[in-house]
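Every number here is computed from the coordinates shown, using simple stated rules; none is lab data. Just so it is clear, the model here is predicted, and its values are computed rather than measured. Note that we place each Cβ from the backbone using ideal geometry, even for glycine, and neighbour counts take in every protein chain shown.
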Amino acid sequence: MRLYEKPVKAYLQNDLAAFDSDDNDRQLIYRFEKGYVTVLGEFDSDVYAGGIACIIFNQTDVTSVGKGMLRFIDKNHKD
């Protein structure tokens, strides 16, 4: 895992939502609407397309998402 020295701004291109299991009435765990997010770092993952996941924050929740779902705004950030 690599945490960035300075968080990076990116645009999340799709909405994300996670729900708890059917046993708990599928309660919403978190929801990220497409838009600007703060990227805190990244890690290698076989689960995500491209093999790299980013840790994102939307001022309320933190989750991970495939790096390809983000469009980085900071021109100094290396994709």
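What's the longest piece of the chain with no exposed trypsin sites (Lys or Arg not before Pro), counting a site as exposed if DSSP puts it in a loop and it has at most 14 other beta carbons within 10 Å?
Formally, the longest exposed-site-free interval is 35-74.
Can you find, among 55, 4, 45, the residue sitting farthest towards the positive end of the charge dipole of the chain, where Lys and Arg contribute +1 and Asp and Glu -1 at Cβ?
4
Sequence-distant or interchain residues sharing an amide H contact under 5 Å with residue 73, placed H: which?
The list, which skips near neighbours in sequence, is 9, 10, 11.
Using the 10 angstrom Cβ neighbour count as an exposure proxy, how do 33, 42 rank, fewest first?
Placing the least packed residue first, the sequence is 33, 42.
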